[in-house]
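What follows is calculated from the coordinates using simple rules that are stated; it is not laboratory data. Quick caveat, the model's predicted, so the values are computed rather than measured. FYI the Cβ positions are ideal-geometry reconstructions off the backbone, even for glycines, and counts take in every protein chain you see.
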Amino acid sequence: MASHHALLPLPWVSSVSCVCMVAVAALLASTPAAASRALAGTGDPTVGFTAVRLSERNFVVQRPYDVPSGDRYSFHGGVRQLWVLSSDKPHDRRSNTSPRTEIRMAGYDYSSGVWQFEGYGYVPSGTTGVSVMQVFGADESATTLMLHVYDGTLRYYDRQVVEDNIYDRWFQLNVVHDVDASRLTVFVDGVKRLQVPGRGGDSHYFKFGVYAQNHASSCMESRWKDIRIFRKHY
């Protein structure tokens, strides 16, 4: 199925994703995680936190129910590549939600304390109208926090700007959820960009990938590496 991107097969993917040649070149030339950390510049949001142990069983892929996982997801060289078409089916036959290819972080659902998601994300140009990260669980809605991409800008839902110009570059994302204080804080490249109140809820977990929102592009993609989850011990 055609999209507004030039669809090119990546060397490690059996089917096509939404990437264009510029994005492929940027991915292959990307710096290691250590270099990304050095460029963050203004601090380490994980100070005072302890990383939990993760294995592949904690990374649960949700993709359109009628296609194989390999047609919407790739994990190669430490990079998790997720893409979805706006015409795709939901992740479950019984669901009426929009198309998505997301990873649900399993095994560390939480209802209290202070928890943190960290990852390095990459959104190729042309991907828009999509959620790339969320904190699931709330009182009167499904999520406590969602980070959307619209025309190269990372936003809190479809509202205030979190970070401009995120296309075609790796960015470090840290999301801290203080459940007891009902507060969420978002850092991009080590810089505090957003602080918002929580939305209640009895149980929460982290998700990342692509989940179609309003005015979605025909093909949506994000890539992630060096995913970690932390908790604060008192």
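Brief remarks follow.
- Debye intensity ratio in log₁₀ form over the Cα atoms of region 163-208, taken at each q of 0.13, 0.21, 0.26 Å⁻¹: -0.35, -0.78, -1.01
- Of interest is the spacing of the C-alpha centroids, which for region 85-121 and region 219-234 amounts to 12 Å.
- If you take all other residues with their beta carbon under 11 Å from the beta carbon of Arg155, and give Lys and Arg +1 and Asp and Glu -1, the sum is -2.
- Dimensionless Rg/Rh of region 96-172 - Kirkwood Rh, Rg from C-alpha atoms: 0.97
- Straight-distance crosslink candidates among aspartates and glutamates, where the alpha carbon sits under 17 Å from Lys232 and sequence neighbours closer than 8 are dropped: Asp44, Asp109, Glu118, Asp178, Asp180
- Charge tally around Lys207: other residues with Cβ under 10 Å, Lys/Arg +1 each, Asp/Glu -1 each, net +1.
- The magnitude of the dipole of region 131-224, with charges of +1 and -1 set on the Cβ of Lys/Arg and Asp/Glu and taken from the Cα centre, is near 120 debye.
- For Gly198, net neighbour charge (Lys/Arg +1, Asp/Glu -1) across residues whose Cβ lies under 15 Å away: -3
- Chain lengthening between Ser111 and Ser182 when straightened (0.36 nm per residue, less Cα-Cα): 24.4 nm
- Extent of region 92-234 along its three principal axes (Cα atoms, max minus min coordinate, largest first): 43, 39, 26 Å.
- Ordering of 87-99, 220-232 by burial proxy (mean other Cβ atoms within 10 Å per residue, highest first): 220-232, 87-99
- Candidate lysines - alpha carbon under 29 Å from Lys89, same-chain residues fewer than 8 apart omitted: Lys207, Lys225
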